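Quick notes on the structure that follows.
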Amino acid sequence: MTTTAFLAYLLIIGYFVVERSLRKGEQALSLQAGEADCNSSRIIWMSGLFSIFLVLLAPTLNAHGIGHWRNVYVGWLGLALMLGGLIIRHWAAKTLGKFYTRTLQIIEGQAIVEQAPYNLIRHPGYLGTFLMEIGAGLAVHNWIVLLVLIVIGVTSRAYRIYVEETLLKTTFGARYEAYSIKTWRLLPFVF
């Protein structure tokens, strides 16, 4: 196992510690998904667990020469992406405060949050975890793992964002539409 793979595993553990510390209140910790969730929470969790499995499998694949590349700089770039993703995820969750939940739900008194980073991106938390996954794929030095992580990450987040935006449009109507016009979903100038 490479140094960057080991450090990537530590960052993944750090992610779970940060996630747990940011969720405040019973509703934020609940895994009870409402009807509006449309199983998107389950899909996000399953894709996340599968992604972690792939990252843990990468050293075995590398030992057998399956998808392995030997570029030290790519591994360190991956760690930088993971750290950047963790920072973005933390910032997004901290900004949401009590509205930060495990499943898609509207909490009493919820409003559209428009302060940074939500003034630019509507789903910065998903961007953060996606950067972490891409970074992990780079950190473990395996292009097959990286490719699968990208495909899983894009498809699961595209569904989650669709479901979440449907819920927010239904709840907030024209106010959410106005907010959507002036922000990007996930990547500025791209999507």
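The values are calculated or read from the model by the stated rules, or taken from the named source; none is laboratory data. Please read these numbers as outputs of a predicted model, since none were measured by experiment. When we count neighbours, we look across all protein chains shown, and the Cβ atoms used for this are built from the backbone with ideal geometry, even at glycine. Side chains are part of the model used for accessible areas, which takes the heavy atoms of the whole protein and leaves out ligands, DNA and RNA. Shrake-Rupley method; radii C 1.70, N 1.55, O 1.52, S 1.80 Å.
Regarding the stretch 73-89, can at least one residue be identified that is part of a loop (DSSP other than H, G, I, E, B) and out of contact with any Gly (no Cβ under 7 Å at 6 or more places or on another chain)?
no
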Query raised in the report: Does THR95 qualify as being under 20 Å from TYR179 (Cα atoms), part of a helix (DSSP H, G or I) and open to solvent by less than 30 Å² (accessible area, probe 1.4 Å)?
Result: yes
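Could you check the stretch 90-133 and list, in sequence order, the residues that are of a type in the set (Gly, Ala, Ser), more than 17 Å from TYR15 (Cβ to Cβ) and touching a Gly at 6+ places or on another chain (Cβ under 6 Å)?
Answer for the stretch 90-133, where residues must be of a type in the set (Gly, Ala, Ser), more than 17 Å from TYR15 (Cβ to Cβ) and touching a Gly at 6+ places or on another chain (Cβ under 6 Å): there is none.
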**Report entry** Condition broken by THR101, with the remaining ones in (1) open to solvent by less than 90 Å² (accessible area, probe 1.4 Å); (2) more than 15 Å from the chain's Cα centre (by Cα); (3) touching a residue at least 24 places away in the same chain (Cβ under 8 Å) satisfied
**Finding:** (2)
Report summary line: Within the stretch 146-157, of all residues that are more than 14 Å from the chain's Cα centre (by Cα) and farther than 13 Å from GLY75 by Cα, the one surrounded by the fewest Cβ atoms within 10 Å (Cβ to Cβ) is LEU147
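For (1) part of a helix (DSSP H, G or I); (2) surrounded by fewer than 21 Cβ atoms within 10 Å (Cβ to Cβ), each residue gets a yes or a no:
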position: ALA116; (1), (2): no, yes
position: TYR126; (1), (2): yes, no
position: TYR159; (1), (2): yes, yes
position: THR171; (1), (2): yes, yes
position: PHE191; (1), (2): no, yes
Requested in this report: Please enumerate the residues belonging to the stretch 46-72 that are open to solvent by less than 60 Å² (accessible area, probe 1.4 Å) and either assigned to a helix (DSSP H, G or I) or under 21 Å from ARG157 (Cβ atoms) (or both).
Outcome: SER47, GLY48, SER51, ILE52, LEU54, VAL55, LEU57, ALA58, PRO59, LEU61, ASN62
